[in-house]
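Please treat every number below as a calculation from the coordinates, not as lab data. None of the values given here were measured: they were computed from a predicted structure. Glycine gets a Cβ as well: all are built from the backbone with ideal geometry, and neighbour counts include every protein chain shown.
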Amino acid sequence: MKVLIVGLGSISRKHKEALIAIRPDAEFYALRRSRDGAEVEGVQSIYSIAEIPSDCDFALVATPTSVHAESLRQILPLGIPVFLEKPPLHNSEDAAELERLIAEHQSMVYTAFNLRFHPLITWAKHYLAGKRVLEVQSYCGSYLPDWRPNQDYRTNYSALREQGGGVHLDLTHEIDFVRYLFGDPTSVQNNLRTVSDLEIDSVDSARYWLEYPDKVINIVLNYFRRDPKRTLEVVMEDGTIEIDLIRGLVIANRTDIIHHVEVDIQETYNLQMAYWLNCLTSGSIPMNEFSESLKTLKICLDEW
């Protein structure tokens, strides 16, 4: 198996590790802008479209979000499937053009939201089926400088609005798995702000209010919480559960632990990659193909 990598950063390395776990024979080629970058073991650097092997099985695009559209314009004419790191884009300006290119080149483009493969999201998908849900509170807060301890957070794309940074884009997982579990809302309101003393010019606080005919959902995201928290509280007719995605716990009615798992985030990447490879082999349309993932982006950008 031959894989083209566009964007050789920390996220693409997680996807690479996931693929190696499944296909140790995989060969990797990185399309790079400059010859100044450090070489990566097991990856052959190339510097032009002409050098891409003609028998590449798929492209893994994990450039900064603001560069996704440019990267897709380069890759789609090759006619190979694309595994695209979330979110699909940082705005909707290029969406129609890219959808046209995808159709023109009959390309399969999957947008990677690995938390769909978190064991507790998988558990919730089955547990909540058929239950009467009235209210949902989804929360994710963590401290941006702790995300990449060996890098100055102020220079990372997350801190820079023009590079597609912002908590609303970085943490679109919450919007995605809310849609995955509960479907699409009828209306959305949001509030995007920069409220902390972090030295960034991107959004560090995002709140979303999603209305459905039979339920309401509130989503809160931030970059400034020192003690990380990622939870999903679901209020049903017959009780409440709180799903703690970090600790791997499901607590019913505030007291009873009804489910517990060991959380290994790399395993979510591994399961996602296995899913993607199955789509490639079977020719089936992935659940988060490009047009579908644009719905999550529209909610994120208050364009619903």
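Here are some notes:
- Beta-bridge orientation, the chain: approximately 60 percent antiparallel, per DSSP, counting only bridges with both partners inside.
- Nearest-0.05 FRET efficiency for ALA50 and ARG226, computed from C-beta distance (R0 41 Å): 0.25
- Dipole magnitude of segment 1-76, debye to nearest 20 (Cβ charges: Lys/Arg +1, Asp/Glu -1, about Cα centre): 240 debye
- Rounded, prolate or oblate (a/c below 1.5 giving rounded, otherwise prolate when a/b exceeds b/c) for segment 117-242 by Cα gyration tensor: prolate
- Rounded to the nearest 20, the size of the Cβ-charge dipole of segment 119-262 about its Cα centre is 80 debye, with Lys and Arg at +1 and Asp and Glu at -1.
- Under-5 Å amide H pairs with GLU135, H placed in peptide plane, nonlocal only: VAL216, VAL235
- Stretching GLU104 away from THR281 to a fully extended chain increases their span by 61.6 nm, per 0.36 nm per residue minus the current alpha-carbon distance.
- For the chain, fraction of C-alpha pairs farther apart than 24 Å, in %: 54 percent
- Dividing the summed -39500 (n - 2.57) terms of all DSSP H runs of n ≥ 4 by the residue count of the chain sets its mean residue ellipticity at 222 nm at -8000 deg cm²/dmol.
- Sorted by Cβ neighbour density within 10 Å, fewest at the top, the residues CYS56, CYS300: CYS56, CYS300
- For segment 200-304, trypsin sites (Lys or Arg not before Pro) are listed when DSSP marks them as loop and at most 10 other Cβ atoms sit within 10 Å of their Cβ; the list is ARG254.
- Full extension of the segment from ARG73 to ALA26, taken as 0.36 nm per residue of separation minus the current Cα-Cα distance, would add 14.4 nm.
- Of ILE200, ILE75, ILE257, the residue with the greatest mean-square motion in the GNM of the chain, using alpha carbon springs below 10 Å, is ILE257.
- From the C-alpha gyration tensor of segment 166-211, square roots of 5λ in Å: 24, 12, 6
- Cβ-based charge dipole, segment 37-141, positive-most Cα from ILE75, LEU120, SER54: LEU120
- The GluC sites (Glu not before Pro) of segment 202-268 meeting both criteria, a DSSP state outside H, G, I, E and B (loop) and at most 15 other C-beta atoms within 10 angstrom of the site's C-beta, are GLU237, GLU262.
- Under 18 Å from a label point set 7 Å out along the Cα-to-Cβ vector of ASP36, the amide N atoms of segment 150-167 belong to 152, 155-157.
- Spatial offset of segment 163-217 relative to segment 219-236 amounts to 11 Å, using the alpha carbon center of each.
- Spin-label pair GLU292/ARG207, simplified geometry with 7 Å Cα→Cβ offset, distance in nm: 3.2 nm
- Restriction of the GluC sites (Glu not before Pro) in segment 80-161 to DSSP coil positions whose beta-carbon has at most 11 other beta-carbons within 10 angstrom yields GLU93.
- When the charge dipole of the chain is built from unit charges on Cβ atoms (+1 for Lys and Arg, -1 for Asp and Glu) and taken about the Cα centre, the candidate among GLY239, HIS168, VAL133 whose Cα reaches farthest toward its positive end is GLY239.
- Ellipsoid semi-axes for segment 230-294, based on the Cα gyration tensor and the rule √(5λ), read 31, 16, 10 Å when sorted largest first.
- Helix axis angle, 173-182 relative to the chain longest principal axis, alpha carbon, degrees: 60 degrees
- Dipole magnitude for the chain: computed about the Cα centre from +1 point charges on Lys and Arg Cβ and -1 point charges on Asp and Glu Cβ, it is near 200 debye.
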